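Below: the structure, in structure tokens.
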Amino acid sequence: MGEVKGFLKYDRLEVSKENVDSRIIHFNEFTKELTEDELKLQGARCMDCGIPFCQSGCPVDNLIPEWNDLVYKNKWDDAAKRLLSTNNFPEFTGRVCPAPCENSCVLDINTPAVTIKNIEKSIIEKAFENGLIKPNLSIVRTGKNIAIVGSGPAGLSAADQLNKLGHSITVFEKNEVIGGLLALGIPDFKLEKNIVERRIQIMQAEGVEFKTKTEIGVDKTLSELKDEYDAIILCGGAEQPRDLPIIGRALKGVHYAMDFLKQQNRRNENRDFSEEVISARDKNVVVIGGGDTGSDCIGTSIRQGAKSVLNLELLPQLPKVRSAVNPWPEWAFVDRVSTSHEEGCKREFSVLSKEFMGSKNIIQKIKIVRVEFENPDPKTGRRNMVEIPDSEFEVEADLVLLAMGFTGPVKNNLIHEMDIKLNDRNNIATDNNFMTNIDGIFAAGDMRRGQSLVVWAINEGRAVAASVDDYLK
């Protein structure tokens, strides 16, 4: 490394953020990046570890120590080439990845980790600024054509990899815009959509064909697709939201989180939608679910002008630091306060929603009970949840957003028509080469893996691309 003792000399430095009062009046990204000199010193904190655990913590195996060192040496173009050798879209992961690499950084044993995520984003943005990221057409074409169903991060990374290998790629997207979760699910304040469009334009210039408003299983059958293409990859995501079937679920004002988030993303891009308008303005909003999607709902509700926002989480609040049973370099199960939480919401942990209450078919309140979890069963390891006696209470709710995760792909005609088999987790079953029970049809991303991170979807897309290439050979 360029400065072996840099980790002893320099403290971790975070990006600065626009203050809460000014950032909640718009939907744009609100971080201010570090200067080149500051980033150089952050790269110098990388320790020249004997075993770089950060790489094993990264789902796409980023060559993190290498590009940290290159940033320290001011070799930005070389750093970008290293970064792009393992990650097709670092401009996405540099914004929305929770950075498991930093949890695995050796420094994180007892001091703040290297700011890997911030450095990653800065490398790729500087590469765009310097004109390094531009269309690079494949010289040779194989004559093989591949259909990819779904244009989220898994579908896009598979398309990018296979196109670079010379295959002809067509990506089918049921929505009016390319990008899947990146375009419609993640709020602009975390990922502005011009960042996604910038990458799509490059892929189009490189020869990838995108077809929007084409739902496979509805507008075109999977069997028709199989007759036309040499291979098919299913990357439709895990879009079936987990429901909360309690009394009052049918009341007006109870919605799935993703329906709410998609509407706002469409508003931001001046896109039309035909669904019932879901708005948080002047309402008491209750978000059920304490994960990233719940956090996105909180930030969006605040920007829409909610009267109040309450976040309910079934599980207990996590500790501020790792527990003894959660040692480094595992993912740290600690309480993370998101930027949306900072913007003004109340959080309740270890609570179970019992009943949605309302009048004239409109939600007004939620009946809630506090719960606790018993010690793990010595045989199964499971912890039973029990309600705490006399702990019920009610909260006002004019809008309820269900952000409790997803249960797998939507079980529609895309899956049923050719009887594609599912695994015991209700996801599409594949062999070790990502192929389904139908020869020539593959699956990857959340549709195969289950709900996960954008960076894992990119990993899946790269892996299935290698398997499809082998199959076509």
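The values are calculated or read from the model by the stated rules, or taken from the named source; none is laboratory data. A quick note: this is a predicted structure, and the numbers were derived from the prediction, not measured. Here Cβ is always computed from backbone atoms with ideal geometry, including for glycine, and neighbour counts include all displayed protein chains.
Applying the set (1) surrounded by fewer than 21 Cβ atoms within 10 Å (Cβ to Cβ); (2) part of a strand (DSSP E or B) to Glu330 leaves exactly one unmet item: (2).
Every listed requirement among (1) in contact (Cβ under 8 Å) with a residue 60 or more places away in the chain; (2) over 23 Å from Met404 (Cα atoms); (3) in a helix (DSSP H, G or I) is met by Val455 save one, (2). Within region 82-95, is there a residue that is charged (D, E, K, R), at pLDDT below 95 and not in a loop (DSSP other than H, G, I, E, B)? Checking region 82-95: not a single residue is charged (D, E, K, R), at pLDDT below 95 and not in a loop (DSSP other than H, G, I, E, B). Within region 1-20, residues that are in a helix (DSSP H, G or I) have Cβ atoms under 7 Å from residues that are among the charged types (D, E, K, R) in these pairs: Gly6/Arg45; Phe7/Arg45; Val20/Glu342; Val20/Glu343, counting only partners at least 6 apart in sequence or on another chain.
Cβ-Cβ distances below 6 Å connect no pair with a first residue in region 461-473 that is free of Cβ contacts under 8 Å to residues at least 12 places away in the same chain and assigned by TED's automatic domain parsing to the domain that holds Asp160, a second residue that is small (Gly, Ala, Ser) and buried (at least 17 other Cβ atoms within 10 Å of the Cβ), and a separation of six or more residues or different chains. Considered as a group, the residues in region 227-249 that are among the small types (Gly, Ala, Ser) and either free of Cβ contacts under 8 Å to residues at least 40 places away in the same chain or under 30 Å from Thr170 (Cα atoms) (or both) include one that is surrounded by the most Cβ atoms within 10 Å (Cβ to Cβ), and that residue is Gly236. Sub-6 Å Cβ pairs linking a first residue in region 115-137 that is at pLDDT below 95 to a second residue that is not in a helix (DSSP H, G or I), at least 6 apart or interchain, are Leu137/Glu206, ordered by first then second residue.
Out of the residues in region 372-417 meeting the condition of being of a type in the set (Val, Ile, Thr) and under 29 Å from the mean Cα position of the chain (by Cα), tell me which one is farthest from Gly180 (Cα to Cα). Even if it seems obvious, please write down each step before you answer.
Kept after step one, since they are of a type in the set (Val, Ile, Thr), are these residues of region 372-417: 380, 386, 388, 395, 400, 407, 410, 415.
Next cut, under 29 Å from the mean Cα position of the chain (by Cα) only: 400, 407, 410, 415.
Values: Val400: 24, Thr407: 17, Val410: 14, Ile415: 19 Å.
So, considering only residues that are of a type in the set (Val, Ile, Thr) and under 29 Å from the mean Cα position of the chain (by Cα), the one farthest from Gly180 (Cα to Cα) is Val400.
Residue check, Phe89 against (1) under 19 Å from the mean Cα position of the chain (by Cα); (2) surrounded by fewer than 20 Cβ atoms within 10 Å (Cβ to Cβ); (3) among the hydrophobic types (A, V, I, L, M, F, W, C), all met but one. Which one? Only one criterion is unmet by Phe89, namely (2).
Regarding Ser391, is this residue among the hydroxyl-bearing types (Ser, Thr, Tyr) and either closer than 15 Å to Asn311 by Cβ or at pLDDT below 95 (or both)? Break it down into steps so the answer makes sense when it comes.
Details: among the hydroxyl-bearing types (Ser, Thr, Tyr): yes; either closer than 15 Å to Asn311 by Cβ or at pLDDT below 95 (or both): no.
No, not satisfied.
Considering the conditions (1) under 27 Å from Glu330 (Cα atoms); (2) in contact (Cβ under 8 Å) with a residue 12 or more places away in the chain; (3) outside any helix (DSSP H, G or I); (4) of a type outside the set (Gly, Ala, Ser), Asn28 is excluded by exactly one of them, (1).
Residues being more than 30 Å from Ile24 (Cα to Cα) and crowded, with 21+ Cβ neighbours inside 10 Å: count how many of those fall in region 164-194. Working first, answer last.
Here is the first cut: in region 164-194, the ones more than 30 Å from Ile24 (Cα to Cα) are 164-174.
With the extra rule that they be crowded, with 21+ Cβ neighbours inside 10 Å, the set shrinks to 167, 169, 171-173.
Selection size over region 164-194: 5.
When residues in region 250-274 are screened for being surrounded by 15 or more Cβ atoms within 10 Å (Cβ to Cβ) and in a strand (DSSP E or B), 3 of them pass. Filtering Glu209, Glu269, Glu192 for residues that are in contact (Cβ under 8 Å) with a residue 40 or more places away in the chain and under 30 Å from Val334 (Cβ atoms) leaves a single hit, Glu192. Tell me, yes or no, whether region 98-111 has at least one residue that is within 19 Å of the chain's Cα centre (by Cα), in the same structural domain as Tyr72 (by TED's automatic domain parsing) and outside any helix (DSSP H, G or I). The answer is yes, given that some residue of region 98-111 is within 19 Å of the chain's Cα centre (by Cα), in the same structural domain as Tyr72 (by TED's automatic domain parsing) and outside any helix (DSSP H, G or I).
Listed by position, the strands (runs of 3 or more DSSP E) enclosed by region 348-425 that each have at least 1 residues that are surrounded by fewer than 17 Cβ atoms within 10 Å (Cβ to Cβ) are 351-359, 362-373, 385-387, 393-396. The condition of being modelled with pLDDT of 95 or more and in contact with a Pro (Cβ under 9 Å, 6 or more places away or on another chain) holds for only one of Ser338, Ser350, Ser359, that being Ser350.
Among the residues of region 1-13, the one identified as surrounded by 12 or more Cβ atoms within 10 Å (Cβ to Cβ), out of contact with any Lys or Arg (no Cβ under 8 Å at 6 or more places or on another chain) and over 17 Å from Lys73 (Cβ atoms) is Leu13. Does any residue of region 23-43 turn out to be under 24 Å from the mean Cα position of the chain (by Cα), buried (at least 18 other Cβ atoms within 10 Å of the Cβ), basic (Lys, Arg) and closer than 27 Å to Met203 by Cβ? Checked against the condition, which is being under 24 Å from the mean Cα position of the chain (by Cα), buried (at least 18 other Cβ atoms within 10 Å of the Cβ), basic (Lys, Arg) and closer than 27 Å to Met203 by Cβ, region 23-43 yields no hits at all.
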